[in-house]
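The values are calculated or read from the model by the stated rules, or taken from the named source; none is laboratory data. Owing to the predicted nature of the structure, the values given are computational and were not obtained by experimental measurement. Counting neighbours? That spans all protein chains shown, and the Cβs are built from the backbone with ideal geometry, glycine included.
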């Protein structure tokens, strides 16, 4: 095996390990955050659980893309994977913006969730670490879908931080509107990521 091919193979294996780690973490996250969100009446926590589902979907898409890259590196286009990751972003954005708008309009107030606050603090650190590692491997491999999914993991970290801040503000100052506002801000960021990845896909497919 050529040294360059060995480096690429090692990078692909590391990327796959990172994606499977992301899936494992998010699978737990779905049940924990949605359960805590329903119990506390927190839209932001429930939204974070749905974000974890979207992150699992994006990771599965990228895993399939990486596996195909292993055997069809010369002909395999990343455009379909980019479109699927973009679709995941768009679904998340639509849900968050709609649900947050309804929550702000009705003025429904969430309850407290100390366990949710503690869990989200850990999640921020885990997601930041995974996002950084994925971005580094994506740059080394020149893999656009992996880089796009790394940004989604980074968005997951920002969402966790936003929900954490919202829960803390609500607990400390009774700022009920911080909960849906946090969900809305991340929804807007997800919409921008969806647009960016949809725009990237045609140019890659044309190459």
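A residue that is surrounded by 14 or more Cβ atoms within 10 Å (Cβ to Cβ), touching a helix residue (DSSP H, G or I) at 6+ places or on another chain (Cβ under 7 Å), modelled with pLDDT of 85 or more and within 23 Å of residue 200 (Cα to Cα) occurs somewhere in the range 91-113. Please work out if residue 185 is on the phi < 0 side of the Ramachandran plot, in contact with a helix residue (DSSP H, G or I) (Cβ under 8 Å, 6 or more places away or on another chain), assigned to a helix (DSSP H, G or I) and in contact (Cβ under 8 Å) with a residue 24 or more places away in the chain. In short, no. Among the residues of the range 68-90, not one is at pLDDT 85 or above and within 16 Å of residue 146 (Cβ to Cβ).
Of all residues in the range 114-128, those satisfying the criterion of being loosely packed, with under 14 Cβ neighbours inside 10 Å and farther than 29 Å from residue 16 by Cα are 114, 115.
Closer than 28 Å to residue 201 by Cα, touching a residue at least 12 places away in the same chain (Cβ under 8 Å), within 21 Å of the chain's Cα centre (by Cα) and buried (at least 20 other Cβ atoms within 10 Å of the Cβ), is that true of residue 153? Criteria met by residue 153. Only one entry in 172, 131 is out of contact with any strand residue (DSSP E or B) (no Cβ under 8 Å at 6 or more places or on another chain), surrounded by fewer than 17 Cβ atoms within 10 Å (Cβ to Cβ) and more than 13 Å from residue 43 (Cα to Cα), namely 172.
Exactly one residue among 56, 8, 34 is touching a helix residue (DSSP H, G or I) at 6+ places or on another chain (Cβ under 7 Å), in a helix (DSSP H, G or I), at pLDDT below 80 and surrounded by fewer than 24 Cβ atoms within 10 Å (Cβ to Cβ), and that residue is 8.
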